[in-house]
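S.K.: First the structure, then my questions, so here it is.
The values are calculated or read from the model by the stated rules, or taken from the named source; none is laboratory data. None of the values given here were measured: they were computed from a predicted structure. Cβ coordinates were reconstructed from backbone atoms using ideal geometry, including for glycine residues, and neighbour counts include every protein chain displayed. Protein only, heavy atoms only, side chains kept; ligands, DNA and RNA dropped before computing areas. Shrake-Rupley method; radii C 1.70, N 1.55, O 1.52, S 1.80 Å.
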Amino acid sequence: PPERSPVWWLAYELVSELVLGIPHCVASCRKAVDLEPLNFLIPPAAGAPAEEVESYRAEVARRQAEPDEARQNKEKEARQKCVELFGKHRFGPQVATFATAAAEVAARSQL
C-alpha cells in the first residue's frame with residue numbers, strides 16, 4: 001500500500017503545505033490588484049434555518065454574477081499573478097525540497 005512507502009509522509013506533507021498555501025496566495029494577489037479577498041463560503045448544514053440557506057444562496061449568486069469588463073480584467077490579472085508567484089515561490093521550492101528528501105529516504109530504505 002502507498003502509505004507504507006518510505007516517502008509517503010514526505011509526499012503527504014508536501015501536498016498539505018501546497019494546499020494550505022493557496023488561500024494566502026490568492027488573497028494577497030487579489031489585494032495587489034485592488035480586489036477584495038474571497039473567504040471560503042461554508043455551505044449551510046442540513047436542516048439549517050431558511051434565512052441561513054437564503055443568505056448562502058444570495059452570496060453564491062453574487063459571486064457567480066457576470067462582472068463588468070474592468071473587474072474581469074482584474075480577476076484575470078490576479079489569477080495570472082497568483083499562478084506565477086505560487087509556482088515560483090511555493091510549488092517549485094517545495095517540490096525541490098521533497099525531491100531531495102525523497103531521494104535520501106529511498107536510498108536509505110534500499111540499504
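S.K.: Determine the equivalent ellipsoid of the range 54-111 by diagonalising the alpha-carbon gyration tensor, then write out the semi-axes as square roots of 5 times the eigenvalues, largest first, rounded to whole Å. Walk me through the numbers on the way to the answer.
M.R.: Values: eigenvalues 366, 59, 6 Å².
Listed largest to smallest, the semi-axes of the range 54-111 are 43, 17, 6 Å.
S.K.: Could I ask something else about it? Using a 7 Å offset from the Cα along the Cα-to-Cβ direction at both residue 64 and residue 17, what is the distance between the two label points in nm, to one decimal?
M.R.: Calculated label separation equals 3.7 nm.
S.K.: Filter the DSSP H helices in the chain by two things, a Kyte-Doolittle mean of at least -0.5 and an axial alpha-carbon span of 15 angstrom or more, and list the hits by number. Let's see the in-between values first.
M.R.: Working: long enough: 8-32 (36 Å, 0.70); 50-64 (21 Å, -1.29); 69-86 (25 Å, -1.57); 92-109 (25 Å, 0.45).
Answer set is 8-32, 92-109.
S.K.: Might you tell me the accessible area per residue for the chain, computed with a 1.4 Å probe and given in Å²?
M.R.: Numbers: 8590 Å² over 111 residues.
Averaged over the residues of the chain, the accessible area is 77 Å².
S.K.: Please report the accessible area of residue 38 (heavy atoms, 1.4 Å probe, ligands and nucleic acids excluded) in Å², nearest 10.
M.R.: 90 Å²
S.K.: In the chain, what percent of the accessible surface is made up of carbon and sulfur (1.4 Å probe, ligands and nucleic acids excluded)? Kindly include the intermediate steps, with their values, before the conclusion.
M.R.: Details: 5120 of 8590 Å².
Looking at the chain in its full context, I get 60 percent from C and S.
S.K.: Reported to two decimal places, what Rg/Rh ratio describes the chain when computed on Cα atoms with Rh from the Kirkwood expression? Working shown, then result.
M.R.: On the way: Rg = 20.1 Å, Rh = 17.4 Å.
A ratio of 1.16.
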